[in-house]
Amino acid sequence: MSSLFTLARPLIFAMDPERAHRATIAALKTGMLPRRDVRDSRLEMTVAGLRVPNPLGMAAGFDKDAEVPGPLLKLGFGFVEVGTLTPLPQSGNPKPRIFRLEADRGVINRLGFNNGGIDQAIKRLRRRAFRHGTGRIGINVGANKDSEDRIGDYVTGVTKAAPVADYLTVNISSPNTPGLRALQSKDALAELLSRTLDARGGRDLPMFVKVAPDLTDADVADIAEVAAASGINGIIVSNTTIDRPASLRSDRADEIGGLSGQPLIALALRRLKDFRQALGPDMPLIGVGGISNADDAYARIRAGASLIQLYSAMVYEGPGLPRRILKGLVSHLNADGIARISDAVGADAPR
Ligand SMILES: Cc1cc2nc3c(=O)[nH]c(=O)nc-3n(C[C@H](O)[C@H](O)[C@H](O)COP(=O)(O)O)c2cc1C
């Protein structure tokens, strides 16, 4: 943990989590943080045509309105996924709606896609075009809560985001928009993927679909089958869970919402392996859920993730985390005699 963050942490943790998050975004906006990126060609990756300087991304939800993708890349992330963005601005659920589970190093949120709308975010991204070095920016799109045509919302999002994004994510796995996860069912998913892939307007732009971890074996098989047939470029496994592991110790564990961070790690890793097994080695997977150090990151890659993302661990570990993970990944490569990180992808996956 960086010493400045160690000092500031009690102050940050004394604040309401959503206020603390706003303060963090404001601090990042000043742009005064030192560069912490790690330049090492062994970490470079190309996944579905997306070239990234390293495989570690900031997961969606941290920078919902695309306010600070540049500063996040400066912290070392190889890519930043902004969003979830909906066609119309919406305020989300009543506050409080983010809870720290400190004893469990977890987070529960029921934000409900609060965001300023996709138009504002895109305007911001256009102004800052090309100011992010070799790091990449993905745009994660969703549906408005009150929309009567949810698939239409995704099509709108993709149509608007495609000209400014390095990749796109269709997020059908938030537990905080009632009914959204139903889009993971076979017929709905097939229609959603076909229409959103078309909405890229012939651009050769990677598109991923982000799934929940709360899936049965049959759900995994259905999603894998539809995804493979659709032409989608990869699957992000996973969003937060509505499950509450018996091991949770925090008094906020019963709050409604999606659980992330340390208590999600086993389930997210399990689902990644399930998808790897269901899909074989060709479909790229992006592993996310509970990653908080280089060992977690390396294990997720060896289990079959071409890219990895995190969010909750930033709350507990602070801004030095991406750099520590990247340095740790290089150490793992050296220890295992592996030339580049791409050679480690799926090394532990059954053939
Ligand atoms: C406060 C908060 C807000 C989130 N908002 C979004 C979101 O808008 N869209 C999305 O796809 N995922 C969202 N997520 C889920 C994360 O992107 C990630 O999938 C999940 O937290 C698991 O990763 P982690 O354990 O590293 O946090 C959010 C997570 C948190 C903690």
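The values are calculated or read from the model by the stated rules, or taken from the named source; none is laboratory data. In this text, all values refer to a predicted model and were calculated from it rather than measured experimentally. Neighbour counts run over all protein chains shown; Cβ positions are idealised from the backbone, glycine included.
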Any residue at all in the stretch 170-178 that is more than 18 Å from F113 (Cα to Cα), in contact with a strand residue (DSSP E or B) (Cβ under 6 Å, 6 or more places away or on another chain), within 13 Å of the ligand (Cβ to nearest atom) and modelled with pLDDT of 95 or more? no
R252 passes all but one of (1) touching a His at 6+ places or on another chain (Cβ under 8 Å); (2) farther than 23 Å from N54 by Cβ; which number fails? (1)
When the stretch 214-242 is examined, which residues are found to be more than 23 Å from G138 (Cβ to Cβ) and polar (S, T, N, Q)? T216
Scan the stretch 231-246 and tell me whether some residue there is away from the ligand (no atom under 15 Å from the Cβ), surrounded by 15 or more Cβ atoms within 10 Å (Cβ to Cβ) and either closer than 28 Å to V158 by Cβ or among the hydrophobic types (A, V, I, L, M, F, W, C) (or both). yes
Please tell me if G280 is under 12 Å from the mean Cα position of the chain (by Cα) and either over 17 Å from V80 (Cα atoms) or not hydrophobic (A, V, I, L, M, F, W, C) (or both). no
If you check L269 against the conditions, is it within 12 Å of the ligand (Cβ to nearest atom) and under 20 Å from M283 (Cα atoms)? yes
Output for the stretch 273-295, where each listed residue is within 12 Å of A227 (Cβ to Cβ) and either within 14 Å of the ligand (Cβ to nearest atom) or of a type in the set (D, E) (or both): D282, L285
So, in the stretch 158-190, how many residues would count as being of a type in the set (A, V, I, L, M) and not in a helix (DSSP H, G or I)? 6
Can you name the number of the only condition in (1) within 29 Å of P178 (Cα to Cα); (2) within 16 Å of the ligand (Cβ to nearest atom); (3) over 17 Å from the mean Cα position of the chain (by Cα) that G261 fails? (3)
With the stretch 225-307 as the region, which strands (runs of 3 or more DSSP E) entirely inside it contain at least 3 residues that are small (G, A, S)? 258-261
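Rundown of residues vs (1) near the ligand (Cβ under 10 Å from one of its atoms); (2) in contact with an Asp or Glu (Cβ under 8 Å, 6 or more places away or on another chain); (3) over 21 Å from T156 (Cα atoms), yes/no style:
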| site | (1), (2), (3) |
| --- | --- |
| V82 | yes, yes, no |
| P89 | no, no, no |
| N93 | no, no, yes |
| I98 | yes, yes, yes |
| L101 | no, no, yes |
| I108 | yes, yes, yes |
| Q120 | no, yes, no |
| R126 | no, no, no |
Of the conditions (1) out of contact with any helix residue (DSSP H, G or I) (no Cβ under 8 Å at 6 or more places or on another chain); (2) in a loop (DSSP other than H, G, I, E, B), A143 satisfies every one except a single condition; which number is it? (1)
Long-range neighbours under 6 Å by Cβ, at least six apart or interchain, first residue in contact (Cβ under 8 Å) with a residue 12 or more places away in the chain within the stretch 58-86, second aromatic (F, W, Y) and crowded, with 24+ Cβ neighbours inside 10 Å: M58/F77
Would you call I118 over 16 Å from the mean Cα position of the chain (by Cα), modelled with pLDDT of 95 or more and hydrophobic (A, V, I, L, M, F, W, C)? yes
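Per-residue answers, yes or no, for (1) more than 16 Å from the chain's Cα centre (by Cα); (2) among the aliphatic types (A, V, I, L, M); (3) within 25 Å of P69 (Cβ to Cβ):
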position	(1), (2), (3)
T177	yes, no, yes
T196	yes, no, yes
G201	yes, no, yes
L205	yes, yes, yes
P213	no, no, no
I223	yes, yes, no
A227	yes, yes, no
